[in-house]
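Each reported figure results from applying straightforward, stated rules to the coordinates on display, with no laboratory input. These numbers come from a predicted model, not from an experiment. So basically every Cβ, Gly included, is an ideal-geometry build from the backbone, and we count neighbours across all protein chains shown.
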């Protein structure tokens, strides 16, 4: 595992209806400037699930090679979840402060396992604000929706 170099993930989720057909997209930028774009989708999902899945899929691609990872997302849900709420959710056996089950627990658990041995920095970027990385991730997420065969 490369403990010095840093990789960037620019991620986004999209949903046509909530729930409805959704897509996720991630642009990975390696330290040498190489770029990889990934996207996919699900027929019956939510925007928050797609936001999480974009990061999970990106981390699947880079986790075995990089410890230092910068993640850029326009999802306050994801950033707050990983920087403010996650420790209490775990301490409270995956329940919120109000005692309700954490939504999308399956994906949160996967994400937690992926980042446990990494140095991840989380960055919130304003969506649809002419940020090139976010614009690309948004296009990829929408390509994920378009790739679905919706009945």
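Residues that are crowded, with 16+ Cβ neighbours inside 10 Å and out of contact with any strand residue (DSSP E or B) (no Cβ under 8 Å at 6 or more places or on another chain) within the range 132-151 comprise just one, 135. Does residue 70 fit the bill of being part of a strand (DSSP E or B), touching a residue at least 24 places away in the same chain (Cβ under 8 Å), within 12 Å of residue 11 (Cα to Cα) and in contact with a strand residue (DSSP E or B) (Cβ under 9 Å, 6 or more places away or on another chain)? When the stated conditions are applied, residue 70 passes them. Scanning the range 137-145 for any residue that is more than 17 Å from the chain's Cα centre (by Cα), in contact (Cβ under 8 Å) with a residue 12 or more places away in the chain and under 29 Å from residue 30 (Cα atoms) turns up nothing. Return a yes/no flag: does the range 80-93 have any residue that is touching a helix residue (DSSP H, G or I) at 6+ places or on another chain (Cβ under 8 Å), surrounded by 18 or more Cβ atoms within 10 Å (Cβ to Cβ) and within 28 Å of residue 4 (Cα to Cα). Yes, the conditions are met somewhere in the range 80-93. Please determine, by comparing only the residues of the range 97-110 that are in a helix (DSSP H, G or I) and touching a helix residue (DSSP H, G or I) at 6+ places or on another chain (Cβ under 6 Å), which one is farthest from residue 63 (Cα to Cα). So the residue we want is 107.
Taking the range 1-53 as the region of interest, how many residues are part of a loop (DSSP other than H, G, I, E, B) and within 15 Å of the chain's Cα centre (by Cα)? So that I can check it myself, show each step before the final result.
Going residue by residue through the range 1-53, those that are part of a loop (DSSP other than H, G, I, E, B) are 1, 16-19, 30-34, 46.
Now narrow it down to the ones that are within 15 Å of the chain's Cα centre (by Cα): 46.
Residues that pass the stated criteria total 1.
Please tell me if residue 44 is in contact (Cβ under 8 Å) with a residue 24 or more places away in the chain, more than 21 Å from residue 124 (Cα to Cα) and out of contact with any strand residue (DSSP E or B) (no Cβ under 6 Å at 6 or more places or on another chain). Yes, satisfied.
Within the range 111-131, the set of residues being exposed (fewer than 14 other Cβ atoms within 10 Å of the Cβ), free of Cβ contacts under 8 Å to residues at least 40 places away in the same chain and not in a loop (DSSP other than H, G, I, E, B) comprises just one member, 113.
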